[in-house]
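Colleague: Next up is a structure, given as structure tokens.
The values are calculated or read from the model by the stated rules, or taken from the named source; none is laboratory data. Here the structure is a predicted model, which means the values were calculated and not measured. Cβ: placed from backbone, ideal geometry, glycine included. Neighbour counts: every protein chain shown.
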Amino acid sequence: MSDMRETIEQRLAQAMADLETTQTAVARAERELADASSTVRSPDRAVEVTVSAQGDLTELKFLDGKHRTMSATQLAASVLEAVQEARAVMARQVMNTFEPFTRPSDAVPELPGVNVDWHKIFGPGVLDGPRAGANRSSSSRLRDEINEDTED
């Protein structure tokens with residue numbers, strides 16, 4: 001019986017050590033992401049945007065005066081597309097940073113990793129940024145819809 005108790009105590013000690021290591025690693029990851037950002041240029045290279053790890057727009061630059069020859073709707077679509085892509089890039093960076101914490105413990109397999117609902121955290125569509133998938137991006141469809149509107 002003492003062998004079994006020793007094993008349980010050893011496993012508990014290992015689990016506590018793993019928990020402490022994980023807490024330290026999570027705190028380090030949070031500090032690293034606190035200052036992280038993603039900078040993306042729009043496909044038409046008219047604008048450059050920077051977003052924070054939380055997806056907040058922190059900087060917007062109009063490049064080479066291209067915005068002067070664009071309609072307001074074209075410029076708005078360029079800004080939106082760049083922001084969507086920057087948010088998707090940043091979301092993937094956050095996911096990659098925290099992914100190790102979603103795995104079960106190597107030392108104590110009974111301790112599962114953290115279950116994270118990334119879509120709930122980042123919202124719908126963020127992980128499917130304009131350059132991530134479909135043949136036509138959402139902003140291309142937006143441009144088509146805007147261009148189809150007629151002004152009186």
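Colleague: List the number of the failed condition for Ala15; all other conditions in (1) surrounded by 14 or more Cβ atoms within 10 Å (Cβ to Cβ); (2) out of contact with any Leu (no Cβ under 7 Å at 6 or more places or on another chain) hold.
Modeller: With respect to (1) surrounded by 14 or more Cβ atoms within 10 Å (Cβ to Cβ); (2) out of contact with any Leu (no Cβ under 7 Å at 6 or more places or on another chain), Ala15 is out only on (2).
Colleague: Still on this structure, I have one more. Tell me, which residue of segment 57-88 that is among the β-branched types (Val, Ile, Thr) and buried (at least 18 other Cβ atoms within 10 Å of the Cβ) is nearest to Ser37 (Cα to Cα)? Spell out how you get there, then give the answer.
Modeller: First, the residues of segment 57-88 that are among the β-branched types (Val, Ile, Thr): 58, 69, 73, 79, 83.
Restricting the remaining residues to those that are buried (at least 18 other Cβ atoms within 10 Å of the Cβ) gives 79, 83.
Numbers: Val79: 17, Val83: 12 Å.
Residue satisfying both the conditions and the ranking: Val83.
Colleague: Within segment 37-55, work out how many residues are surrounded by 18 or more Cβ atoms within 10 Å (Cβ to Cβ) and either of a type in the set (A, V, I, L, M) or more than 27 Å from Ile121 (Cβ to Cβ) (or both).
Modeller: Here the count works out to 6.
Colleague: In this structure, does Ala86 turn out to be closer than 30 Å to Val114 by Cβ and modelled with pLDDT under 90? Can you show your working first?
Modeller: Working: closer than 30 Å to Val114 by Cβ: yes; modelled with pLDDT under 90: no.
For Ala86, the condition - closer than 30 Å to Val114 by Cβ and modelled with pLDDT under 90 - is not met.
Colleague: I've got another one for you. Can Leu75 be described as over 30 Å from Pro104 (Cα atoms), assigned to a helix (DSSP H, G or I) and more than 21 Å from the chain's Cα centre (by Cα)? It would help to see each step written out before you state the result.
Modeller: Numbers: over 30 Å from Pro104 (Cα atoms): yes; assigned to a helix (DSSP H, G or I): yes; more than 21 Å from the chain's Cα centre (by Cα): yes.
Answer is yes for this residue.
Residues are listed down the side, and each one gets a yes or a no for (1) under 26 Å from Phe122 (Cα atoms); (2) of a type outside the set (A, V, I, L, M); (3) in contact (Cβ under 8 Å) with a residue 12 or more places away in the chain:
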| site | (1), (2), (3) |
| --- | --- |
| Leu57 | yes, no, yes |
| Lys61 | yes, yes, yes |
| Ser71 | no, yes, no |
| Leu80 | yes, no, yes |
| Ala86 | yes, no, yes |
| Val89 | yes, no, yes |
| Gln93 | yes, yes, yes |
| Thr97 | yes, yes, yes |
| Phe101 | yes, yes, yes |
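Colleague: Shifting gears a bit: Out of the residues in segment 1-53 that are among the polar types (S, T, N, Q) and at pLDDT below 85, which is farthest from Thr97 (Cα to Cα)?
Modeller: Applying the filter and picking the extreme gives Ser2.
Colleague: Quick one: which of Leu75, Leu57, Leu80, Leu63 is in contact with an Asp or Glu (Cβ under 8 Å, 6 or more places away or on another chain) and either within 20 Å of Ala29 (Cβ to Cβ) or among the aliphatic types (A, V, I, L, M) (or both)?
Modeller: Only one candidate qualifies: Leu63.
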